[in-house]
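Enquirer: To start, I am sharing the structure in question, which I have written as structure tokens.
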Amino acid sequence: MPYLSVMTKIEERPYDDLLLKKGFGGFPTLAFMDAEGEVLAQPTDRSVQAFVACREALAVVDDVSARAAAGDAEAQAELLLLDNVLGRVKGEEFAKRAQAVRAGANAEQLARIDQALVDNEVMDLVQQTYRGDAEAACVRMLAILDGGKHPSKTSRHAGGLWSALARWAEPKGDAALLRRIAAGMRADLPDDERLSKRAQSLEEKATGLDTRDALVARRDKGEGGLEAQILVIEVRLRALSLAELRERLPAALAVATEAEKQELAQGEVDMQFSSLVNEFWGGGNREEIGQTMFDLLSGDGLAPSAQEAPTTWTCLSVWASSSKDPARMDAVVKVLRARFAASGRIERTLKHLEDEAEKLRDDT
């Protein structure tokens, strides 16, 4: 029967920790369990199609498993494919079993196995981009596409590939690459509203880079005083890294107008906080990163702009909350309220921290 687990953080509420007990890591998570609560399967994609495929696979997997155990070669290939749909086999294990059943599989099964191998490799590469080696992973993904192979057209597979490529490509400032990624998003998942907006953003960025390239061409022909204009465009488009911005900033500031100086200063701050946020959620040392954010906001420098502020205060609230230190929570509330009081959106976060700090004091 359908069951929805909702985490409330209410003390003594049963099943509040069900997600972690079952080995899952985030919301939303879909899974099929038996009457005893044992996980039977987990859809590989957050879509109706994947949910239905998982349910249908569960209906036949026992019969196929029995035939496979009896030596039916095609059933052994089918069992591997069913296990893949059910989320029971991944990565290297799938590849090893695929090699073992390939000789007995029919043509249709071979095509599905080959597609699953591509999908599994792509997902491994997408995960690699979050672990700090995006360059090698994305170069490999492009090589897969150039070789005529494509992931399944699902939000998890094709969507994951194109989103990872977009994150990697944006700081490179390559208009042609951005247009290629935007076109791939539109071709593979034309009905995905989120990816359609992302594709439009990439196309707009490519147009901005065309303007940048025209200015660079003028500069290369000897026209002076253009470095600030070029850098402002790249900062607006996030078409360079923070390190590159800081390396080129002195030359740009030397010829910048006051308005350009202000925009570059705010851009540097926004990129710095954006980098810290990415490190915070990407496996960096949260204690050190949170302290750095707090110190920066406690000073008299610029605060992140409205675009970057929500992710910044979210990280700081998590940093303060995880410390279980009421004094730290109070200090974070004070700094965030001083810096972002104009935004009504932050009050819910601040109220939660204040309540948590008060509860910790009461408990002690």
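The values are calculated or read from the model by the stated rules, or taken from the named source; none is laboratory data. Note that this is a predicted model, so its numbers are computed, not measured. So basically every Cβ, Gly included, is an ideal-geometry build from the backbone, and we count neighbours across all protein chains shown.
Enquirer: Select from region 111-169 the residues that are aromatic (Phe, Trp, Tyr) and either touching a residue at least 40 places away in the same chain (Cβ under 8 Å) or within 19 Å of THR44 (Cα to Cα) (or both) and list them in ascending order.
Expert: TYR130, TRP162 - these are the residues of region 111-169 that are aromatic (Phe, Trp, Tyr) and either touching a residue at least 40 places away in the same chain (Cβ under 8 Å) or within 19 Å of THR44 (Cα to Cα) (or both).
Enquirer: Also, quick follow-up: Of all the residues that make up region 181-228, how many are among the acidic types (Asp, Glu), over 20 Å from GLU260 (Cα atoms) and not in a helix (DSSP H, G or I)?
Expert: 2
Enquirer: For region 252-286, how many residues meet the condition of being outside any loop (DSSP other than H, G, I, E, B) and either surrounded by 13 or more Cβ atoms within 10 Å (Cβ to Cβ) or among the β-branched types (Val, Ile, Thr) (or both)?
Expert: Going through region 252-286 one residue at a time, the tally reaches 24.
Enquirer: Same structure again: Say whether the condition of being surrounded by fewer than 19 Cβ atoms within 10 Å (Cβ to Cβ), in contact with a Lys or Arg (Cβ under 8 Å, 6 or more places away or on another chain) and either at pLDDT 95 or above or more than 28 Å from VAL85 (Cβ to Cβ) (or both) is met by at least one residue in region 169-179.
Expert: yes
Enquirer: Given (1) surrounded by fewer than 20 Cβ atoms within 10 Å (Cβ to Cβ); (2) free of Cβ contacts under 8 Å to residues at least 24 places away in the same chain, identify the lone condition not met by LEU79.
Expert: For LEU79, the failing item is (1).
Enquirer: Test THR129 against the criterion of being surrounded by 15 or more Cβ atoms within 10 Å (Cβ to Cβ), more than 20 Å from SER196 (Cα to Cα) and in the same structural domain as LEU189 (by TED's automatic domain parsing), and give yes or no.
Expert: In short, yes.
Enquirer: Something else about it: Scan region 287-309 for residues that are surrounded by fewer than 16 Cβ atoms within 10 Å (Cβ to Cβ) and in a helix (DSSP H, G or I) and report the count.
Expert: Number satisfying all stated conditions: 5.
Enquirer: Moving on to the next point. What single numbered condition from (1) touching a helix residue (DSSP H, G or I) at 6+ places or on another chain (Cβ under 6 Å); (2) touching a residue at least 24 places away in the same chain (Cβ under 8 Å); (3) aliphatic (A, V, I, L, M) fails to hold for VAL89?
Expert: (2)
Enquirer: On to the next question. So in region 329-364, with the set limited to residues that are assigned to a loop (DSSP other than H, G, I, E, B) and polar (S, T, N, Q), which one is modelled with the highest pLDDT?
Expert: THR364
Enquirer: Okay, moving on. Does at least one position in region 225-237 carry a residue that is touching a Gly at 6+ places or on another chain (Cβ under 7 Å), assigned by TED's automatic domain parsing to the domain that holds HIS157 and touching a residue at least 40 places away in the same chain (Cβ under 8 Å)?
Expert: Among the residues of region 225-237, at least one is touching a Gly at 6+ places or on another chain (Cβ under 7 Å), assigned by TED's automatic domain parsing to the domain that holds HIS157 and touching a residue at least 40 places away in the same chain (Cβ under 8 Å), which makes the answer yes.
Enquirer: Please state which one of GLY225, GLY184 is farther than 20 Å from PRO304 by Cβ and surrounded by fewer than 19 Cβ atoms within 10 Å (Cβ to Cβ).
Expert: Being farther than 20 Å from PRO304 by Cβ and surrounded by fewer than 19 Cβ atoms within 10 Å (Cβ to Cβ) holds for just one of GLY225, GLY184, which is GLY225.
Enquirer: Condition test on LEU20, is it assigned to a helix (DSSP H, G or I), over 29 Å from VAL101 (Cβ atoms) and modelled with pLDDT under 75?
Expert: When the stated conditions are applied, LEU20 passes them.
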